[in-house]
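Enquirer: Starting off with a structure, shown below.
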Amino acid sequence: MQITILGGGGFLGRKLAQRLAAEGTLGGAPITGLTLFDLAAPPAPEGARFPVRCLGGDVADPAQVAAAIPAGTAVVVHLAAVVSAQAEADFDLGLRVNVHGTLAVLQACRALPRPPRVVFTSSVASFAGGQGALLADDARQLPTNSYGAEKAIGELLLQDASRRGFLDAVNLRLPTVIIRPGRPNRAASSFVSAILREPLLGLPAELPVPEDFAVWICSPRRAVAWFLHAMTMDTAPLGLDRGINPPGRSVAVGEMLAALEGVAGPAARALVRPVPDPAVEAIVGGWPASFTAERARRPLGFSEQEGMEAIIEAFIADDLAATRAERGL
Ligand SMILES: NC(=O)c1ccc[n+]([C@@H]2O[C@H](COP(=O)([O-])OP(=O)(O)OC[C@H]3O[C@@H](n4cnc5c(N)ncnc54)[C@H](O)[C@@H]3O)[C@@H](O)[C@H]2O)c1
C-alpha cells in the first residue's frame, strides 16, 4: 500500500509518519511506500522498512502535488494548511494554501487510475456557537473566521469528488490538538498547549481567557489513532456525508491546570499567569466547546479521547525531551 502525507513535516504529519514506520502495515496490508510532502522536505521517520520519499514543494502548485501523489497511491492524508490566526491575518495566503491547495489535491487524486482514500483534516473552527453550544452531528457549519470557511470549502469539494467517484474522502473535523510540542505556533488556540507545555519546561505561560473557558480537545496520540482508522475504515456507511466530528473532550482551562498540578505539582501551575487577550478570545471564543459526536462513536467506531492527566503524561513520555532539545533548554 502506497501512502502520501501532505503536510508531512508538521506536528501531526510527523507523528503519523513515525507511527506508520513503526507499524509497517496499515489495515493488515504491508506499506510499500510513503511520500512525505511539505514546504521543506520533511525528515524521514526512523526505522521504516519501506521506501520513504521526502519532497519539498507547495501544495497549491498542481504539478508538485501530482508528483507527490503518484499512480498506485492508495491513501492520501492531506494535512498541509495555513493555520487559524495566520489565515485570518493573511487572507490571500489562507485562500491559496487552504482552498487552492485542496483543489490541487482533488485534481491530482482524480488523475489516478484508482480513486484513493483521502483523509482531510477540517476543524472545529468551521463551526460557530461558542462556549454554550453542544453541537449535534448535523450541525450547520457557519465559520466565524477565514480558516474555518476554507476548511468547510475543502470538505464540500472533497465530498462532491467522493460522490463523483474521483476519490474517497473522510473529512475529520479535528478538535484542538494538545499538547503541541516545540514552540508556540500561529494557531489562535496555541495558548491551550502553551499553558501546559511551558510550565512542564519550567517556563512561564500566559492564559488569555478565563479559567472556566472550555475547549474541545484531543491528544496527538488520539488524532493519529483517528487518522489510522479514517485511512482504512469502510466509507459505505458515510453515504454522501463525509464530515465526521470525532469524539474529543470538552475541558475547561481550569481543569487542564488542575491536571497539570496533579501531574507536575503546584509550582508548575503557578507558572501560568492570567493575561486577558480579547483578540484570541474573539477567535477561539466563537468555536463550539462541545459536540455529541455520536455518529463517530457508534456506527463509525472512532476511539474515545483519554482524560487530561493521561494527555499530560503522554506529552512527557513522547515529546518533552525532544522539545527541550529543540529549544536548547
Ligand atoms: N493541531 C490542531 O490543533 C488542529 C486542529 C484542527 C485541525 N487541524 C488541521 O490538521 C492539520 C495538521 O495540523 P498540524 O497541527 O500538524 O499543523 P502544522 O502547521 O504543524 O502542519 C501543517 C503543515 O503544512 C505545511 N504547509 C503549509 N503551507 C504549505 C504549502 N503551501 N505547501 C505545502 N505544505 C504547506 C506546513 O509547513 C506544516 O508543516 C492541518 O490541516 C490543520 O489545519 C489541526
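The values are calculated or read from the model by the stated rules, or taken from the named source; none is laboratory data. Since this is a predicted model, take the numbers as computed values, not measurements. Using ideal geometry, Cβ is built from the backbone for each residue, glycine included, and neighbour counts are taken over all protein chains shown.
Enquirer: Could you tell me which of the residues 189, 162 is modelled with pLDDT under 95, over 16 Å from residue 273 (Cβ atoms) and hydroxyl-bearing (Ser, Thr, Tyr)?
Expert: Exactly one of 189, 162 is modelled with pLDDT under 95, over 16 Å from residue 273 (Cβ atoms) and hydroxyl-bearing (Ser, Thr, Tyr), namely 189.
Enquirer: Name the single residue, out of those in the range 45-57 being assigned to a loop (DSSP other than H, G, I, E, B) and free of Cβ contacts under 8 Å to residues at least 24 places away in the same chain, that is surrounded by the fewest Cβ atoms within 10 Å (Cβ to Cβ).
Expert: Per the stated criteria, the residue is 51.
Enquirer: Residue 223 - would you say it is at pLDDT 95 or above, in contact with a Leu (Cβ under 6 Å, 6 or more places away or on another chain), assigned by TED's automatic domain parsing to the domain that holds residue 155 and farther than 15 Å from residue 197 by Cα?
Expert: When the stated conditions are applied, residue 223 passes them.
Enquirer: Would you mention how many residues in the range 58-117 are more than 14 Å from the ligand (Cβ to nearest atom) and of a type in the set (Val, Ile, Thr)?
Expert: Going through the range 58-117 one residue at a time, the tally reaches 2.
Enquirer: For the range 34-51, how many residues meet the condition of being charged (D, E, K, R) and either at pLDDT below 95 or more than 16 Å from the ligand (Cβ to nearest atom) (or both)?
Expert: Final tally of qualifying residues: 2.
Enquirer: Please indicate, with yes or no, whether at least one residue in the range 126-136 is buried (at least 22 other Cβ atoms within 10 Å of the Cβ), closer than 22 Å to residue 250 by Cβ and either modelled with pLDDT of 95 or more or within 11 Å of the ligand (Cβ to nearest atom) (or both).
Expert: Yes, that holds for at least one residue.
Enquirer: Residue by residue through the range 4-33, note down the ones that are away from the ligand (no atom under 16 Å from the Cβ) and either in a loop (DSSP other than H, G, I, E, B) or not hydroxyl-bearing (Ser, Thr, Tyr) (or both).
Expert: Matches in the range 4-33: 21, 22, 23, 24, 26, 27, 28, 29, 30, 31, 32, 33.
Enquirer: Moving to a separate point now. Tell me, please, whether a residue that is free of Cβ contacts under 8 Å to residues at least 60 places away in the same chain and closer than 18 Å to residue 231 by Cα can be found in the range 137-149.
Expert: No, there is no match, as no residue in the range 137-149 is free of Cβ contacts under 8 Å to residues at least 60 places away in the same chain and closer than 18 Å to residue 231 by Cα.
Enquirer: Regarding the range 110-123, can at least one residue be identified that is assigned to a strand (DSSP E or B), surrounded by fewer than 18 Cβ atoms within 10 Å (Cβ to Cβ) and assigned by TED's automatic domain parsing to the domain that holds residue 6?
Expert: Checking the range 110-123: not a single residue is assigned to a strand (DSSP E or B), surrounded by fewer than 18 Cβ atoms within 10 Å (Cβ to Cβ) and assigned by TED's automatic domain parsing to the domain that holds residue 6.
Enquirer: Could you tell me whether residue 175 is within 13 Å of the ligand (Cβ to nearest atom), surrounded by fewer than 23 Cβ atoms within 10 Å (Cβ to Cβ) and modelled with pLDDT of 95 or more?
Expert: So residue 175 fails the test.
Enquirer: If you take the residues in the range 137-151 that are away from the ligand (no atom under 12 Å from the Cβ) and either among the β-branched types (Val, Ile, Thr) or in a helix (DSSP H, G or I) (or both), which one is nearest to residue 246 (Cα to Cα)?
Expert: Looking at residues that are away from the ligand (no atom under 12 Å from the Cβ) and either among the β-branched types (Val, Ile, Thr) or in a helix (DSSP H, G or I) (or both), I get 149.
Enquirer: Looking at (1) surrounded by 22 or more Cβ atoms within 10 Å (Cβ to Cβ); (2) farther than 19 Å from residue 87 by Cβ, can you tell me which one residue 187 breaks?
Expert: (2)
Enquirer: Consider only pairs whose beta carbons are under 8 Å apart and that are at least six residues apart or on different chains; among these, list those whose first residue lies in the range 272-300 and is modelled with pLDDT under 95 and whose second residue is among the acidic types (Asp, Glu).
Expert: Here the result reads 277/206; 283/88, each pair linking the range 272-300 to a residue that is among the acidic types (Asp, Glu).
Enquirer: Search the range 174-188 for residues that are aliphatic (A, V, I, L, M) and pair each with any residue that is assigned to a loop (DSSP other than H, G, I, E, B) and within 7 Å of the ligand (Cβ to nearest atom) when their beta-carbon atoms are under 7 Å apart and the residues are at least 6 apart or on different chains.
Expert: Qualifying pairs under 7 Å: 187/83.
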